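Q: Structure provided below as structure tokens; questions to follow.
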Amino acid sequence: MPLALAYAAAFVLAWPRWHGVLGVMAPVGRMALTNYLLHSVIGVLMLGPFLDIAGRIGPVAILLMTIPIFGFQILFSRWWLARHDQGPMERAWRLGTYGAVKPA
């Protein structure tokens with residue numbers, strides 16, 4: 001718990017200085033459920049029994065593979081939110097929860 005609080009405090013202190021850099025990731029946060037599920041599907045397809053990349057490369061290479069995947073998610077989130085008010089899974093979640101699509 002103390003380490004989590006330290007990370008949160010560091011983030012809050014860095015925010016004014018890094019607002020431009022961290023602001024690039026804001027669309028990813030607005031589509032958190034969609035991006036979480038997309039990242040999970042990509043991970044299962046690449047590292048699971050389909051391509052079995054995990055069995056052929058090391059953990060550092062796997063970690064480095066996440067950088068372009070997350071970059072794609074940033075671009076996809078910006079593109080999607082320029083055309084829609086919320087992500088597709090967020091919309092489905094609201095539809096299932098409220099029985100109708102409500103604004104974000």
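Q: So, L33, is that one of a type outside the set (G, A, S), part of a helix (DSSP H, G or I) and either on the phi > 0 side of the Ramachandran plot or in contact (Cβ under 8 Å) with a residue 60 or more places away in the chain (or both) or not?
A: Values: of a type outside the set (G, A, S): yes; part of a helix (DSSP H, G or I): yes; either on the phi > 0 side of the Ramachandran plot or in contact (Cβ under 8 Å) with a residue 60 or more places away in the chain (or both): yes.
Yes: the conditions hold for L33.
Q: OK, next. Suppose we filter the range 61-104 for residues that are under 12 Å from P27 (Cα atoms) and aliphatic (A, V, I, L, M); how many remain?
A: Qualifying residue count, the range 61-104: 4.
Q: Here's a check for you: in the range 1-48, which residue that is over 16 Å from P68 (Cα atoms) and of a type in the set (S, T, Y) is modelled with the lowest pLDDT?
A: Y7
Q: For the subset of the range 67-91 comprising residues that are among the small types (G, A, S) and surrounded by 14 or more Cβ atoms within 10 Å (Cβ to Cβ), which member is nearest to G43 (Cα to Cα)?
A: Residues of the range 67-91 among the small types (G, A, S): 71, 77, 82, 87.
So of that shortlist, the ones also surrounded by 14 or more Cβ atoms within 10 Å (Cβ to Cβ) come out as 77, 87.
Numbers: S77: 18, G87: 20 Å.
For the range 67-91, the residue satisfying everything is S77.
Q: Is it the case that some residue within the range 47-64 is aliphatic (A, V, I, L, M) and under 28 Å from A82 (Cβ atoms)? Walk me through how you get there before you give the answer.
A: First, the residues of the range 47-64 that are aliphatic (A, V, I, L, M): 47, 51, 53-54, 57, 60-64.
Checking which are under 28 Å from A82 (Cβ atoms) leaves us with none.
No, the conditions are met nowhere in the range 47-64.
Q: Continuing with the same structure: Criterion first (surrounded by fewer than 10 Cβ atoms within 10 Å (Cβ to Cβ), free of Cβ contacts under 8 Å to residues at least 24 places away in the same chain and under 30 Å from A92 (Cβ atoms)) does F50 satisfy it? Give the derivation first.
A: On the way: surrounded by fewer than 10 Cβ atoms within 10 Å (Cβ to Cβ): yes; free of Cβ contacts under 8 Å to residues at least 24 places away in the same chain: yes; under 30 Å from A92 (Cβ atoms): yes.
So F50 passes the test.
Q: List every residue pair whose Cβ atoms sit under 6 Å apart, with the two residues 6 or more apart in sequence or on different chains, where the first one lies in the range 64-90 and is in a helix (DSSP H, G or I) and the second, anywhere, is among the hydroxyl-bearing types (S, T, Y).
A: Close Cβ pairs satisfying both conditions: P88/T34; M89/T34.
The values are calculated or read from the model by the stated rules, or taken from the named source; none is laboratory data. These numbers come from a predicted model, not from an experiment. Note that each Cβ is placed from the backbone with ideal geometry, even for glycine, and that neighbours are counted across all protein chains shown.
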